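Here is the structure we will look at, set down as structure tokens.
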């Protein structure tokens with residue numbers, strides 16, 4: 001059954017079909033199966049693209065934001081994320097992820113052949129707001145504690161002219177499963193004025 005979220009274009013899966021539903025309160029819930037992730041190991045290890053993203057294909061500038069929560073207990077690298085997917089060599093994700101040390105933090109991964117993986121801020125609590133934006137040919141990631149004041153994570157460009165799928169992801173690279181919850185979802189077809197201050 002197709003899922004519909006008010007304010008978003010029609011949703012579909014990439015690169016494979018996953019498990020999602022919408023709660024009675026309108027929360028989007030994505031459940032990742034055991035061992036699924038997106039990773040193009042920069043040290044030359046095997047690629048992994050068995051996590052499923054639920055999203056849509058935009059054509060211009062945009063911002064997509066959501067409050068992200070992940071059900072406990074969490075295994076290492078369990079995450080809910082906003083993401084963009086073009087193909088196995090061109091994708092990116094902005095994650096609310098559990099670290100090997102047991103902390104939860106904002107982590108971004110940008111892949112243009114190989115993955116550039118970077119830890120960002122620690123999160124004190126069980127939720128964080130994430131935002132993905134497109135500005136011309138560039139993309140930007142921001143995070144926020146309240147969904148109002150946005151902190152810059154990174155800006156990047158991916159070397160592909162294909163139309164991406166932009167949306168939501170759950171991953172469980174080392175765990176039995178990961179249940180990620182997305183609400184307060186906001187989608188706008190407009191252009192950020194200042195990437196650094198998030199306005």
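The values are calculated or read from the model by the stated rules, or taken from the named source; none is laboratory data. Computed from a predicted model, the values in this text were never measured in an experiment. Note that each Cβ is placed from the backbone with ideal geometry, even for glycine, and that neighbours are counted across all protein chains shown.
Of note:
- Only one entry in 30, 64 is closer than 20 Å to residue 142 by Cα, outside any loop (DSSP other than H, G, I, E, B), at pLDDT 95 or above and under 14 Å from the mean Cα position of the chain (by Cα), namely 64.
- The listed residue being at pLDDT 95 or above, exposed (fewer than 15 other Cβ atoms within 10 Å of the Cβ) and touching a strand residue (DSSP E or B) at 6+ places or on another chain (Cβ under 7 Å), out of 157, 131, 149: 157
- Test set (1) touching a strand residue (DSSP E or B) at 6+ places or on another chain (Cβ under 6 Å); (2) within 15 Å of residue 186 (Cα to Cα) - residue 117 fails condition number: (2)
- Among the candidates 97, 127, 137, residue that is at negative phi and within 12 Å of the chain's Cα centre (by Cα): 97
- For region 42-54, the set of residues classified as part of a strand (DSSP E or B), surrounded by fewer than 23 Cβ atoms within 10 Å (Cβ to Cβ) and in contact (Cβ under 8 Å) with a residue 60 or more places away in the chain consists of 48 only.
- The C-beta contact set for region 89-106 (first residue free of Cβ contacts under 8 Å to residues at least 60 places away in the same chain, second residue surrounded by fewer than 18 Cβ atoms within 10 Å (Cβ to Cβ) and in a strand (DSSP E or B), distance under 7 angstrom, 6+ apart or interchain) comprises 103/122; 105/119; 105/121; 105/122; 106/121.
- Yes/no for residue 161 being farther than 19 Å from residue 72 by Cα, outside any strand (DSSP E or B) and without any contact (Cβ under 8 Å) to a residue 12 or more places away in the chain: yes
- Some residue of region 170-193 being part of a loop (DSSP other than H, G, I, E, B), without any contact (Cβ under 8 Å) to a residue 12 or more places away in the chain, surrounded by fewer than 16 Cβ atoms within 10 Å (Cβ to Cβ) and in contact with a strand residue (DSSP E or B) (Cβ under 9 Å, 6 or more places away or on another chain): no
- Taken together, 73, 58 contain a single residue that is free of Cβ contacts under 8 Å to residues at least 12 places away in the same chain, assigned to a loop (DSSP other than H, G, I, E, B) and out of contact with any helix residue (DSSP H, G or I) (no Cβ under 7 Å at 6 or more places or on another chain), which is 73.
- Filter pass, residue 74 being crowded, with 20+ Cβ neighbours inside 10 Å and in contact with a strand residue (DSSP E or B) (Cβ under 6 Å, 6 or more places away or on another chain): no
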